[in-house]
Amino acid sequence: MRRNFKLSLEKGDLLPTLLMLPAVLMIFCIMVIPLAYGAVLSFCEVGFGSVDFKEHFVGTANYLKFFKDATAKKAVVNTLLFSAGATAGDLFFGTLGAVLLLKVKELTGKILRPILTIPLLVSPIIVGLIWRYIYDVKGIMYWLLGFFGIGINDFPGVTGASTALFCTIVAHWWQVVPFVIIVMTAGLLSIPEEYYDAAYVDGAGEYKSFWTISFPLLKDVYMVVLLISGVDTLKVFDIVYSLTGGGPNNSTVTMSIYAYNQAFEQSNLSYAMALSFIAMIVTFIVFGIPFVRHNLKRDREV
């Protein structure tokens, strides 16, 4: 037994495991332990400073409370609507921007791409504050809308319950679309020019060439962007919190903001943990399962 272990060690079989051990321990400490601790909290009724979980164990009461909480249900709907609108816009405007930048002169494209990446360097909290001033009654947006005869009564912006969520989505687009443009540009440049030349010979135009060549070949790129953008929008907090704070009338409250309010404003830490786990489950159902199915289907085709 000792001889086999010595031979394995000499062959270096244990070396990969030993090299991975620090990373595994770090992941265990910063992910697994906090996740398990949060799961325990979600089955209790504790606030900050509580240590005796046995005396405060309530079972699934926090999860059942979610189904009776109208604000929590609204938060789920708002989160899904925000994710759908933000992700769809990211993909559409990102693809459109990438295609247009490839059509302009090479020097123009090299100048515009770095300029467009500037929003990526700005913190989402700051983005929310920037757009709060843009949406202000005396801000630039209403100054521009004034030329078309549109005022605060016609488009209430972040002050109206019917338009506030859309305004937060626009602010998200401003920051994230440049990232999608960069990714899509890389994907489009990876497609051989011969494919387009053959399509043009057959009489296909720009529009048909994109749908018959570019779009199918970018399927994996779209899935990656969809997963990144989708997960990011489902757990959105900072940009919405700094722009609207979840208002007006909870019209922009998301699962993350509602969980934050329950934990730090209502001191209901356990219910906040339950909300967080529900949000995690929703995220996995909406984006995790389709992504896994796509990968399995691709592996079978290969």
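The values are calculated or read from the model by the stated rules, or taken from the named source; none is laboratory data. If you're wondering where the values come from, they're calculated on a predicted model, not measured in any experiment. So basically every Cβ, Gly included, is an ideal-geometry build from the backbone, and we count neighbours across all protein chains shown.
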Determine whether region 96-115 contains at least one residue that is of a type in the set (Lys, Arg) and modelled with pLDDT of 90 or more.
no
Scanning for something at pLDDT 65 or above, in a helix (DSSP H, G or I), within 26 Å of Gln262 (Cα to Cα) and of a type in the set (S, T, N, Q), does region 40-50 turn up at least one residue?
yes
When Ile257 is evaluated against the numbered criteria (1) without any contact (Cβ under 8 Å) to a residue 60 or more places away in the chain; (2) part of a helix (DSSP H, G or I), which criterion, by number, is the only one it fails?
(1)
Condition check: assigned to a helix (DSSP H, G or I), at pLDDT 90 or above and out of contact with any strand residue (DSSP E or B) (no Cβ under 6 Å at 6 or more places or on another chain). Does Thr212 satisfy that?
no
Being at pLDDT 90 or above, under 23 Å from Phe67 (Cα atoms), in contact with a Phe, Trp or Tyr (Cβ under 7 Å, 6 or more places away or on another chain) and among the β-branched types (Val, Ile, Thr) is the requirement here; does Thr233 meet it?
yes
Quick one: Val76 ticks every box in (1) assigned to a helix (DSSP H, G or I); (2) over 28 Å from Glu206 (Cβ atoms); (3) more than 20 Å from the chain's Cα centre (by Cα) bar one, so which box is it?
(3)
If I ask for residues that are closer than 12 Å to Phe291 by Cα and free of Cβ contacts under 8 Å to residues at least 40 places away in the same chain, which ones from region 222-244 would you list?
Ile228
For region 218-239, which residues satisfy the criterion of being loosely packed, with under 15 Cβ neighbours inside 10 Å and either over 30 Å from Ile126 (Cβ atoms) or of a type in the set (Ser, Thr, Tyr) (or both)?
Lys219, Asp220
Across region 251-280, the tally of residues that are closer than 18 Å to Tyr37 by Cβ and under 16 Å from the mean Cα position of the chain (by Cα) stands at 3
Residue in region 236-270 that is farthest from Lys65 (Cα to Cα), counting only those that are at pLDDT 90 or above and of a type in the set (Phe, Trp, Tyr)
Tyr241
